[in-house]
Amino acid sequence: MTGVVTGCGVLSAAGDSVTDLLAAVRAGSLVGTDVRGRFEEPLPAAEAPAIADFDVRRLLGRKGTSFLDRATALAMVACGRALADGELTVDDDNRRRVGVVLGTTTGSLRSTMDFSRDTLVQEKPYLVNPVLFPNTVMNCASGQAAIRYGLRGVNATLAGGPLGFLYALRYALNAIRRGYADALLVGGVEEYTPNTAWAADLTGDGPAGEAAAVYLLRRPDAAAAGTPRAEVLAVATGFHPDDPAEGLAGCARRALATAHVRAGDVWAVAGGDPDPDTLRGVVPAAVERLPVRPALGDCQAATGALALGALLGRYAEDPAPHGRPALITGRSRDGGVAVAVVRGWRRAGDHHG
């Protein structure tokens, strides 16, 4: 069984639509936002691919948002937009069959580090603020989103760095296949803070980016009437530390075989990797490539989710790739690899603007 994408919610430095996202990915130049006035701490650079003018209170109201960390706030807004775009009304009849699966790196790195610091510098017996403790748990975003929208189904968070979204997508697809859920909000989220900015800079992965992208994934027989945005046919993962490129190629072959798709039919490859040789020898040489990283920086677990968004934007603007398969790829520094096979459609009302 496959999973059908019927809704999406995207927040990125490029904008809040898949059209904005695709335009930035195509341009290939880093989207810069002035971040100098956001924090008291110094930053590696005055500009970064961070989301501008995000105000969770304006978007969701004051109730229940006062102590949210930025990653959780971004995820909650993206989840709400995916539900609305997918026209899924959650009620007592279906809420136990609707859930949330998010990919992350460590949750909110800033919340964890700030809370840990308070245990060292505050007067004994460590007068830390207990209200802030939930923000240090990496599944805070998925839990808060479920509470906000009344979802009582499967709830999970998968830590995988740049593979986080693809891990979450695989988990969600398995949950749907096994009958544990009818609909799942699946996505990836990463916040921009001094903590993430310096971590990316010091490891050579910078500049750090910021994004939240969430998709409503449904059972094919439970999908809303009308043409869906996309279908997830298969997701494969692996580990190949000695030769990540070969590991990714093998992962792609397994995913294509599971999806019953011929490699020669693949028309696009999207992901964080800007290397034009990625999967050369597996997919056609003329395949269209949509690398996220050059435009939006190191978005870690949100990278794969942004790649799917770019593909949806591409499907929406042009009927030529209608129904044709594409790949979303990811690999980590330690040799982890993952590939998803998807196909999309241009829905009624979609346009290029």
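If amide H atoms are built 1.01 Å from N in the plane of the peptide, which residues on other chains or at least 5 residues away come under 5 Å of the amide H of Asp298?
Ala208, Gly209
Contour minus end-to-end for Arg152 and Val137, with contour as 0.36 nm per residue of separation and end-to-end as the Cα-Cα distance?
3.5 nm
For the stretch 34-58, list residues with backbone N below 14 Å from a point placed 7 Å from the Cα of Trp198 toward its Cβ?
39-45
Tell me, what ³J(HN,Hα) does each residue in the stretch 187-199 have, in order and in whole Hz, if you take phi through Karplus 6.51 cos²θ - 1.76 cosθ + 1.60 with θ = phi - 60° and put x for Gly and Pro?
For the stretch 187-199, the Karplus-derived couplings read x, x, 9, 9, 9, 9, 9, x, 5, 6, 4, 6, 4 Hz, x marking Gly and Pro.
Suppose the chain between Asp93 and Leu127 were pulled fully straight at 0.36 nm per residue; how much longer would it get relative to their current alpha carbon spacing?
7.9 nm
Leaving out ligands, DNA and RNA, and with a 1.4 Å probe, what % of the accessible surface on the chain is carbon or sulfur?
Heavy-atom surface of the chain belonging to carbon and sulfur, 1.4 Å probe: 51 percent.
Run the Debye formula on the Cα coordinates of the stretch 117-197, all scatterers equal and no solvent, and tell me log10 I(q)/I(0) at q = 0.20 1/Å.
-0.99
Separation between the Asp242 and Ser116 pseudo-spin-labels, each 7 Å from Cα along Cα→Cβ, expressed in nm?
For the pair Asp242/Ser116, the computed spacing is 3.4 nm.
When you count, for each residue, the other Cβ atoms within 10 Å and take the mean per peptide, how do 40-52, 92-104 rank with the highest first?
So the peptides 40-52, 92-104, ranked by packing, come out 92-104, 40-52.
Could you give the nm distance between label points at Phe67 and Arg280, where each point is 7 Å from its Cα heading toward the beta carbon?
5.4 nm
Can you give the alpha-carbon Rg of the stretch 1-95 over 2.2 N^0.38 Å, where N counts its residues?
Scaled against compact globular proteins, the figure is 1.32.
Using a 1.4 angstrom probe, figure out how much accessible area the stretch 120-174 has per residue, in square angstrom, rounded to the nearest whole.
53 Å²
Per 20 Å bin, what is the whole-percent P(r) computed from every C-alpha pair distance within the chain?
Taking all Cα pairs of the chain, the binned fractions are 33, 59, 9, 0 percent.
If you average over every viewing direction, what projected area does the convex hull of the Cα atoms of the stretch 290-353 give, in nm²?
Result: 4.9 nm².
I want the local charge near Ala213. Using Cβ-Cβ distances under 13 Å, sum +1 for each Lys or Arg and -1 for each Asp or Glu among the other residues.
The answer is -3.
If you stretched the chain out fully between Arg254 and Phe39, how much longer would it get, using 0.36 nm times the residue separation minus the C-alpha to C-alpha distance?
This chain segment gains 72.9 nm when fully extended.
What longest region of the chain stays clear of chymotrypsin sites (Phe, Trp or Tyr not before Pro) that DSSP places outside H, G, I, E and B and that have at most 14 other Cβ atoms within 10 Å?
The longest such stretch corresponds to 181-353.
So, in nm, how far is label Glu47 from label Arg347 when the simple model puts each one 7 Å beyond its Cα toward the Cβ?
Result: 3.3 nm between the two label points.
Hey, what's the per residue convex hull volume over the C-alpha atoms of the stretch 226-339, in cubic angstrom?
104 Å³
The values are calculated or read from the model by the stated rules, or taken from the named source; none is laboratory data. Quantities reported herein were computed from a predicted structural model and do not represent experimental measurements. Cβ: placed from backbone, ideal geometry, glycine included. Neighbour counts: every protein chain shown. Surface areas here come from the heavy atoms of the whole protein model, side chains and all, with no ligands, DNA or RNA. Shrake-Rupley method; radii C 1.70, N 1.55, O 1.52, S 1.80 Å.
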